[in-house]
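The values are calculated or read from the model by the stated rules, or taken from the named source; none is laboratory data. Since we're looking at a predicted model, the values are computed, not measured. Neighbour counts run over all protein chains shown; Cβ positions are idealised from the backbone, glycine included.
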Amino acid sequence: MTKINLVYQQKISKEVIKSVCEKLNLVYEVKILTEELKEKPPSQAFNKIRMQYNSNRLLKFFSIRFKVEGDDRVMILIDEDAYVPGLNFVFGEAMSYWGGIVYLARLKHPTYELYIDRIAKEIVHELGHSYGLSHCKNPRCVMKFSNSIYDTDYKTMFYCESCRGILEAKGLGYILKSY
């Protein structure tokens, strides 16, 4: 069975991780593993002027440390703020055939359920990229690019028919729950 390994910083509560896993189980027919991140993000990835992490550097760093096989994926959850060159911030970033990183700093909300929804949507979005999906024009599809947190709140945590079709055409339909 395909596995998704959620690797999370110690400062992220186990309750949050459990709630996120429950949401992911609504989308994927996979085994979800959890693991506490044993190391801190490297200081050389931190931009002191911007007070943010360079996501490209973190992705490279973690992709060397966590290996995957086949359709398995790794998702790193970090309670930090990050950017990629050319953008002020990112909610996450993915690497094809590996997985990705989701940054929780800008996803926070006083309503617990909304916070969990945001994290789950970003994980599903980055996993979609890791499986070869591009951004979608459907504003309700989880693969729609989020210019702001309001875009994330508006979209659902599910792939639209078109994006599901692309995953199925790639032979990845078996990882998706029917809905």
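Being within 21 Å of Y8 (Cβ to Cβ), out of contact with any Ser or Thr (no Cβ under 6 Å at 6 or more places or on another chain), touching a residue at least 60 places away in the same chain (Cβ under 8 Å) and not hydrophobic (A, V, I, L, M, F, W, C) narrows it down to one residue among Y53, Y115, Y83; which is it?
On the way: Y53 fails: touching a residue at least 60 places away in the same chain (Cβ under 8 Å); Y83 fails: touching a residue at least 60 places away in the same chain (Cβ under 8 Å).
It is Y115.
Given the criteria exposed (fewer than 12 other Cβ atoms within 10 Å of the Cβ), of a type in the set (G, A, S) and modelled with pLDDT of 95 or more, does S43 qualify?
Working: exposed (fewer than 12 other Cβ atoms within 10 Å of the Cβ): yes; of a type in the set (G, A, S): yes; modelled with pLDDT of 95 or more: yes.
The answer is yes for S43.
Just to be sure I understand, how many residues within the stretch 164-178 are under 23 Å from I116 (Cα atoms), in contact (Cβ under 8 Å) with a residue 24 or more places away in the chain and not basic (K, R)?
2
For L104, all conditions in the list (1) more than 28 Å from K60 (Cβ to Cβ); (2) among the aliphatic types (A, V, I, L, M); (3) touching an Asp or Glu at 6+ places or on another chain (Cβ under 6 Å) hold save one; what is the number of the exception?
If we test L104 against (1) more than 28 Å from K60 (Cβ to Cβ); (2) among the aliphatic types (A, V, I, L, M); (3) touching an Asp or Glu at 6+ places or on another chain (Cβ under 6 Å), just (1) comes out false.
Of all residues in the stretch 112-157, which are aromatic (F, W, Y) and either assigned to a loop (DSSP other than H, G, I, E, B) or at pLDDT below 95 (or both)?
Taking the stretch 112-157 as the starting set, the residues that turn out to be aromatic (F, W, Y) are 112, 115, 131, 145, 150, 154.
Y131, F145 - these are the residues of the stretch 112-157 that are aromatic (F, W, Y) and either assigned to a loop (DSSP other than H, G, I, E, B) or at pLDDT below 95 (or both).
Listed here are the residues, each with its yes/no results for (1) under 20 Å from M95 (Cβ atoms); (2) basic (K, R); (3) over 14 Å from the mean Cα position of the chain (by Cα).
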position: I17; (1), (2), (3): no, no, no
position: C21; (1), (2), (3): no, no, no
position: V30; (1), (2), (3): yes, no, yes
position: L33; (1), (2), (3): yes, no, yes
position: A45; (1), (2), (3): yes, no, yes
position: M51; (1), (2), (3): no, no, yes
position: S55; (1), (2), (3): yes, no, no
position: I64; (1), (2), (3): yes, no, yes
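So C141 ticks every box in (1) of a type outside the set (V, I, T); (2) free of Cβ contacts under 8 Å to residues at least 24 places away in the same chain; (3) more than 17 Å from K23 (Cβ to Cβ) but one. Which box is left unticked?
Looking at each condition in turn, C141 falls short on (3).
Counting only residues that are closer than 27 Å to E168 by Cα, out of contact with any Pro (no Cβ under 6 Å at 6 or more places or on another chain) and of a type in the set (A, V, I, L, M, F, W, C), give me the strands (runs of 3 or more DSSP E) lying completely in the stretch 13-111 with at least 2 of them.
31-36, 73-78, 92-95, 99-103
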